[in-house]
Amino acid sequence: MTTAIDSLTILHQRHHSPNPSTTMMPYSASPLRRQCSLLALALILLSAASAMAAAEFPAFREAPAFRNGIDCPKAVTATADPSTIHIAMTLDASYLRGSIAGVFSVLQHASCPENIVFHFLAAAQRRHDLRRVVSSTFPYLRFHIHRFDSQIVRGKISHSIRRALDQPLNYARIYLADLVPADVRRIIYFDSDLIVVDDVAKLWSINLGPHVLGAPEYCHANFSTYFTDRFWSDPAFTDSFKGRRPCYFNTGVMVIDLQKWRDGKYTEKLEEWMRIQKIHRIYDLGSLPPFLLVFAGDVEGVELRWNQHGLGGDNLQGLCRDLHPGPVSLLHWSGKGKPWRRIDSRRPCPLDSLWAPYDLLRHSSLFSDN
């Protein structure tokens with residue numbers, strides 16, 4: 001089958017043939033007609049390239065329209081409106097299916113879904129394609145896509161025990177206060193591998209007090225495992241926790257006071273630990289340890305129900321795990337195993353069945369004639 005590129009080559013040969021009889025053809029003698037043909041072929045090639053780029057993303061079913069109840073404040077477009085709930089998530093090809101499920105779960109359980117605005121952080125080169133996917137899946141969603149320049153962290157990232165944790169977009173949460181509009185003073189950050197099964201307004205309304213961020217804390221966890229022996233053997237590093245009782249918290253669910261973050265220059269504080277890591281290798285786990293170094297022991301504790309984390313299993317084998325004891329408002333597949341991948345491989349964990357109802361992937365088998 002002749003491709004558009006082959007056709008362009010043939011046309012080029014026709015117009016540059018040394019055969020005099022060819023140059024006397026009426027078709028070749030018309031510069032305007034020749035330019036139109038070349039333009040048409042260029043458009044074909046551009047259209048094919050766009051189609052190939054779009055094909056890299058899965059197709060999703062359109063989500064239903066979620067509307068406010070009669071008791072909800074009127075939704076307005078102003079960014080700083082106090083009735084608006086701001087939620088930030090990253091958006092990329094690898095985790096797009098998880099992000100779509102996460103958004104769907106938030107809207108489905110929200111008491112005032114029209115008052116929610118999503119802020120997606122995405123790499124520059126795919127923002128337009130991602131915007132089309134989100135718009136077609138959630139036609140009524142209020143959202144923005146903010147450009148994250150991966151070059152900001154290219155020289156600051158140290159290799160971790162999982163390659164996925166080394167992706168630049170995994171560090172975008174550090175720059176959240178700079179990426180969203182300045183009049184957004186408070187935001188919830190969600191990872192792309194979770195679903196919410198409760199009204200997100202409950203999480204949004206927590207009182208942070210004097211703290212910059214709030215998150216579920218796990219003080220029974222072995223905090224020492226998040227840092228290397230090099231860290232614990234040097235008082236210059238360990239003294240950073242002096243006066244604090246550091247507890248582990250998962251950065252996949254955070255409520256952040258962006259104004260306090262900006263005033264306290266917390267992005268710079270996190271970057272400083274990343275620079276130290278490049279020299280001394282004081283931890284092994286991606287973007288989490290800098291957050292622990294800066295915030296652990298100075299976090300507003302949130303009910304554990306808001307981050308039932310670790311459902312993806314351990315970081316090496318991704319083995320199945322059970323829920324933690326207690327009520328559940330949010331299920332988080334942190335760890336190596338992701339529910340959509342295990343479902344596709346037909347090796348799901350029992351809890352993956354809780355994620356499946358929020359999967360909007362358009363399965364071709366559901367729409368076939370058979």
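With the condition kept exactly as written, say whether any residue in segment 152-172 is closer than 30 Å to Gln125 by Cβ, assigned to a helix (DSSP H, G or I) and open to solvent by less than 10 Å² (accessible area, probe 1.4 Å).
Taking every residue of segment 152-172 in turn, at least one turns out to be closer than 30 Å to Gln125 by Cβ, assigned to a helix (DSSP H, G or I) and open to solvent by less than 10 Å² (accessible area, probe 1.4 Å).
For Tyr226, only one of the following conditions fails: (1) within 21 Å of the chain's Cα centre (by Cα); (2) closer than 19 Å to Lys269 by Cβ; (3) of a type in the set (Ser, Thr, Tyr). What is its number?
Evaluating Tyr226 over (1) within 21 Å of the chain's Cα centre (by Cα); (2) closer than 19 Å to Lys269 by Cβ; (3) of a type in the set (Ser, Thr, Tyr) leaves (1) as the failure.
Among the residues of segment 64-86, is any among the β-branched types (Val, Ile, Thr), closer than 28 Å to Leu258 by Cβ, touching a strand residue (DSSP E or B) at 6+ places or on another chain (Cβ under 8 Å) and at pLDDT 90 or above?
Yes, because at least one residue in segment 64-86 is among the β-branched types (Val, Ile, Thr), closer than 28 Å to Leu258 by Cβ, touching a strand residue (DSSP E or B) at 6+ places or on another chain (Cβ under 8 Å) and at pLDDT 90 or above.
Please go through segment 234-288 and pick out each residue that is closer than 18 Å to Asn170 by Cβ and in a helix (DSSP H, G or I).
Residues satisfying the conditions are Tyr266, Thr267, Leu270, Glu271, Trp273, Met274, Arg275, Gln277, Lys278, Leu288.
Exactly one condition in (1) touching a Cys at 6+ places or on another chain (Cβ under 7 Å); (2) crowded, with 19+ Cβ neighbours inside 10 Å is not met by Gly297; state its number.
Failed condition: (2).
Evaluate the following for Gln259: is it open to solvent by 30 Å² or more (accessible area, probe 1.4 Å), among the polar types (S, T, N, Q), in contact (Cβ under 8 Å) with a residue 12 or more places away in the chain and out of contact with any Asp or Glu (no Cβ under 7 Å at 6 or more places or on another chain)?
Yes: the conditions hold for Gln259.
So, Ala80, is that one open to solvent by 40 Å² or more (accessible area, probe 1.4 Å), in contact with a Phe, Trp or Tyr (Cβ under 6 Å, 6 or more places away or on another chain), not charged (D, E, K, R) and not in a strand (DSSP E or B) or not?
It is false that Ala80 is open to solvent by 40 Å² or more (accessible area, probe 1.4 Å), in contact with a Phe, Trp or Tyr (Cβ under 6 Å, 6 or more places away or on another chain), not charged (D, E, K, R) and not in a strand (DSSP E or B).
Sort out which residues of segment 305-358 are open to solvent by 40 Å² or more (accessible area, probe 1.4 Å), among the small types (Gly, Ala, Ser) and either at pLDDT below 95 or assigned to a loop (DSSP other than H, G, I, E, B) (or both), and write them in order of number.
Passing the criteria: Gly326, Ser345.
One line per residue, one yes/no per condition, for (1) at pLDDT 95 or above; (2) closer than 26 Å to Ser150 by Cα; (3) of a type in the set (D, E, K, R); (4) open to solvent by 40 Å² or more (accessible area, probe 1.4 Å):
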site: Tyr175; (1), (2), (3), (4): yes, yes, no, no
site: Tyr189; (1), (2), (3), (4): yes, yes, no, no
site: Asp193; (1), (2), (3), (4): yes, yes, yes, no
site: Asp199; (1), (2), (3), (4): yes, no, yes, no
site: Ser224; (1), (2), (3), (4): no, no, no, yes
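Yes/no matrix, rows are residues, columns are (1) modelled with pLDDT under 95; (2) closer than 27 Å to Lys260 by Cα; (3) over 15 Å from the mean Cα position of the chain (by Cα):
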site: Phe138; (1), (2), (3): no, no, yes
site: Ile145; (1), (2), (3): no, yes, no
site: Ile157; (1), (2), (3): yes, yes, yes
site: Arg163; (1), (2), (3): yes, no, yes
site: Pro168; (1), (2), (3): yes, yes, no
site: Lys202; (1), (2), (3): no, yes, yes
site: Asn207; (1), (2), (3): no, yes, yes
site: Ala221; (1), (2), (3): yes, no, yes
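The values are calculated or read from the model by the stated rules, or taken from the named source; none is laboratory data. It should be emphasised that the depicted structure is a prediction, and the values quoted were computed from it without experimental measurement. Because the Cβ atoms are built from the backbone with ideal geometry, glycine has one as well, and the counts that use them run over all protein chains shown. What goes into the accessible areas is simple: the full protein's heavy atoms, side chains included, and nothing from ligands, DNA or RNA. Shrake-Rupley method; radii C 1.70, N 1.55, O 1.52, S 1.80 Å.
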